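As C-alpha cells, the structure follows; a few thoughts come after it.
The values are calculated or read from the model by the stated rules, or taken from the named source; none is laboratory data. Since this is a predicted model, take the numbers as computed values, not measurements. Positions of Cβ are backbone-derived with ideal geometry, glycine not excepted, and every protein chain shown enters the neighbour counts.
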Amino acid sequence: MTSRSKPIVTGLVILGLIGALAWSVYQKLDNQQAEGKQNRQRIPAPVEVAAIEVGSIDQLRSFTGTLEARSEFVVAPKISGRIEQLRVDLADGVNRGQVVAVLDDAESTQEVARARADLEVEKALNAESLSLLKIAERELKRLEKIQARGDVSESQLDITRSELVAKQALTEVTRARIARAEADLEAARIRLGYTQVKADWQGGNNQRVVAQRFVDAGETVSANAPLLRIVELNPITAVFFVTERDYAKLRVGQQASLDTDAFPGDRFGGSIERIAPVFSETTRQARVEMLVNNPDLRLKPGMFIRASVMLQRVENAIIIPEQALTRRDDQQGVFVVNPDGKSARWQAVEIGVRQGNKVQITGNALSGQVVVLGQQLLDDGAALRIVEVVKQ
C-alpha cells in the first residue's frame with residue numbers, strides 16, 4: 001500500500017464508524033418512541049369529557065353598527081317674531097300637538113282687532129245698502145201702480161228701475177266685501193295662532209323627546225328657523241352594513257338582538273325591518289335597518305352596537321363543545337369515548353353551524369361522549385381516565 005492511499009482508507013473507515021453510530025442512535029430513538037407510544041396507550045391519560053347532544057342550533061352572524069332615531073321632527077315657526085317662552089328643553093318629553101314655544105303676539109293681536117273692525121264696517125255698509133234696496137223696491141211698486149192709471153211717464157219709471165238695479169249691485173258689492181273682511185279676519189286669527197308654536201308631527205308614536213335646542217327665550221327668529229329637534233326613541237333603529245356574502249341570507253322580519261357598551265350584559269331584541277336594494281359602490285356593502293323595542297328609552301341615537309342576526313336554525317343537529325375539536329394529520333376531528341369508558345377513538349368530522357362555544361357535526365352520527373380536555377395525551381385507541389364530565 002502506497003503512502004498516498006493510506007489517508008483515503010483511514011477516511012473511509014471513519015465514515016463507516018460514524019454511519020454505524022448514527023444508525024444505532026436512530027434505532028434507539030425509534031424504539032424509545034415506540035415504547036413511549038405503547039406506554040401512553042397502556043397508562044390511562046386523565047381527560048375531561050362532555051356529552052354529545054342532539055337538538056337545535058342557530059347560526060348567528062354578528063355585525064357592528066350604530067343606533068339612529070326612527071324618525072325626527074324639526075320644530076320651526078311659520079312666522080317671524082321674538083320668542084317669549086320656550087316651554088321645553090333638552091331631553092324633555094313632548095306630546096303630539098303640544099305647544100313648545102310662544103312668540104310675541106302683540107302685533108298679531110292688533111291685526112285681529114283691525115280685521116274684526118273692518119268686518120263690522122262692511123256689515124254696516126251692507127245693512128245700509130239693503131235698506132236702500134228695500135226703499136227702491138217699494139218706490140218701483142208704487143210707481144208701477146200709478147202708471148196703471150196713466151199718471152206716471154214711462155221715462156220716470158225707467159229711472160226708478162235703474163236706481164233699483166244700482167241698489168241691488170251695491171248690495172252684492174257689500175256682501176263681497178263682507179266675505180273679504182271675514183277672510184282677512186280668519187287670516188289674522190291664523191297668524192295669531194302661529195305665535196303658539198306646536199310640535200305637530202305625522203305618524204309614529206304620540207310622544208317623543210327633545211334631542212336638540214337651537215335657540216333661547218328672548219331671541220328673535222325668522223319664519224321657518226329651527227327651534228327644536230324632536231326624535232322618536234321607541235322603537236329605535238339599529239343600522240349596520242353587510243357584504244354580499246351575508247346579504248342573501250338576510251330577510252325582512254328576521255329575528256335579531258343587539259348589545260352595547262353602555263349596558264354590558266344586557267341584550268335588546270328586535271327584527272330586521274328594511275334591507276337596501278343596492279350596494280354602495282365604494283364599500284360594496286348594503287344598509288340594513290333593524291327595529292328595536294326601547295320602552296325604557298335606554299338606547300340612544302349614536303350609540304355603537306353589536307347586532308346578532310339568526311341566519312339559520314338547524315333542528316335535530318349533533319352538537320358538541322367547540323373545545324372538543326382537535327387536529328391529527330392535518331385533519332379536524334374529535335376523540336370519542338368508547339362504550340367501555342376506558343379508551344377513545346379518533347374520528348374525523350365536518351363542521352356545520354357554530355353557535356357560541358357549540359358546533360354542529362355533519363356527516364357522522366356520533367353519540368356518547370367526546371374528550372374536551374387532554375386530547376394532546378391521546379392517540380387513536382389510547383387508554384384514558386375520565387376525571388370530570390363537563391356540562392354544556
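Here are a few things to note about the model shown:
- Residue match in region 216-227 (condition: exposed (fewer than 14 other Cβ atoms within 10 Å of the Cβ), under 18 Å from the mean Cα position of the chain (by Cα) and of a type outside the set (Phe, Trp, Tyr)): no
- Members of region 231-252 found to be more than 19 Å from residue 68 (Cα to Cα) and either in the same structural domain as residue 207 (by TED's automatic domain parsing) or not in a helix (DSSP H, G or I) (or both), listed by number: 243, 248, 249, 250, 251
- Looking only at region 51-72, and only at residues there that are over 30 Å from residue 305 (Cβ atoms) and surrounded by fewer than 20 Cβ atoms within 10 Å (Cβ to Cβ), the one that is farthest from the chain's Cα centre (by Cα): 51
- Residue in region 314-334 that is more than 20 Å from residue 58 (Cα to Cα) and among the β-branched types (Val, Ile, Thr) present: yes
- Every residue from region 332-371 that is of a type in the set (Gly, Ala, Ser) and under 42 Å from the mean Cα position of the chain (by Cα): 333, 352, 356, 363, 365
- Selection within region 253-278 - assigned to a strand (DSSP E or B), over 21 Å from residue 203 (Cβ atoms) and among the charged types (D, E, K, R): 259
- Count - residues of region 307-331 that are charged (D, E, K, R) and either more than 38 Å from the chain's Cα centre (by Cα) or buried (at least 16 other Cβ atoms within 10 Å of the Cβ) (or both): 4
- Every pair of residues 6+ apart whose Cβ atoms lie under 9 Å, when the first sits in region 253-264 and is at positive phi while the second is not hydrophobic (A, V, I, L, M, F, W, C): 253/271; 253/273
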